Amino acid sequence: MKASTSLCAFICFVTSSYVLVVASEGVGGDFNSILELVKPYPLEKHYVTTKDGYILSLYRIPHGLKTTGTHTGTHFSGQLITAAAGRKVLRPEATDSGGSASASDDGDVGEETSRKPVVLLQHGLLDSCAGFLLAGHDSALAFLLVEAGFDVWLGNSRGSTYSRAHVTYPITSREFWTFSFDEMAAFDLPATLSYIRSHTGVHRLHYVGHSQGNTLLLAALSPTMADKISFVQASEGAAEGTHTAEPFSAESQALSRSVADSLGLVVMLAPVATAKFVTSVPLQAMAAVGTDALFALMGIHEFLPSLEVASWLYGGLCTVRPELCVSILAAICGYRKHAVNETRLPLYLRYTPAGSSVHNMAHWAQAVRGGKNPAHPKFSMFDYGKDCGLWATQGTCNQRKYGALDPPTYKLGSIPSSVRLALFTGGADILADPTDTKLLLEDLPPENVVSSTHLPDYEHLDFIWGMDAPQRVYVPVLKMLLKEQQKMEAGDGESGHLHG
């Protein structure tokens, strides 16, 4: 009874959000909504276009209120700095121009290169870059990093609130929403890393992911037997890619090496790869009913959108009854009620959920079903099915996409040896279930895992919403990043920056 009630509420929430967003298409996702969270810190907005045509918004906080200037290696202590009240700072002006945008009261266009260590924060499932900002200047990870001397970049995956554009497809089209974390790994992440490296001059940057932010990185680092590029080319009308007889495709190997060569330390908060053992009722329900087919019948391609009108509605409800408006998010992900500042819940609900595609959620539903080996499920690409007839999923099948009956498996055991991973997991996490994270650790090469920290009482959203996250998670993360940065400086001689 409880599960069916949760599912009904969940469907109502999805459909009501969708109706509101369709009625107000084009509202939200603008520069000002992130500026509101960031000011008086400096803020830049950049646009990254992927090889398959998605236009991603990338935000940058180049320096803190006390850490302006360049990083020389002598003033970078990594201590948490609290900005003094009344300090004169660069105050951004509202702007939202194309290409890249930044604003300050002295008219600067932003720092083209960085002499500081650079870190990319990549959000989780149904979230946006706002997740790393919402806890406020004294507690959110982005601000703690920037005041510790980091040049902080905030990514936004395709389909989330701040990355809802394509060079060809309108956001109302089915084509726009036909993606999962496969495409985020193959296109979004490489384009984002390349842009940051080019813009800042760094050779390697640090990476902090939450939830699905780790999934797409693991997928990008793990070679597969499928050509990750060919299926997109085929969908655009080009000839289907050919497949090599080698154990891994040349394209996936090149992607894996390229991403690995761009990385310093990788910090994974609540990492998810397989999801066979999740206890999230909505995800279990989606796995049981067939998410893509259900919502396709309703004409819905976007999942839990969060544009301004919808988020203001739920934010208003949250002001009166916060326990009601977070019930769906709590059912999907989970958080410790006593550990979250409930006075900030209305703000959280203005930005969360941030949307994704039904196709992506269907991919997660497949992961919950676990594939052929329930005891040790595979981390696989999207399963289009074996039926290549008229009613095949999305008009295709595995043979057309991959040249095989089954979808390719991401080989976690074959990620490049240079990648250094620090994992933080929660013992009460209903999305990144402890059994799944244990299997992840078993699959990863031991030499790649430099640290694994388990917090027995932590749930999924505690890593970004928890009031104790700064002490229990972020301070250890900062220490690890500082230590890794010192190693990079000693090895590269120039703080990991490109030479020449």
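Bear in mind that the values in this text are calculations on the coordinates, not laboratory data. A quick note: this is a predicted structure, and the numbers were derived from the prediction, not measured.
Some observations on this one:
- Estimated translational D of the range 127-222 in µm²/s (Stokes, Kirkwood radius over Cα pairs; 10 °C; 1.306 mPa s): 107 µm²/s
- Links that overshoot a 26 Å alpha carbon limit, given the list Lys45/Lys116; Lys411/Lys483; Lys45/Lys438; Lys438/Lys479; Lys51/Lys483: Lys411/Lys483; Lys45/Lys438; Lys51/Lys483
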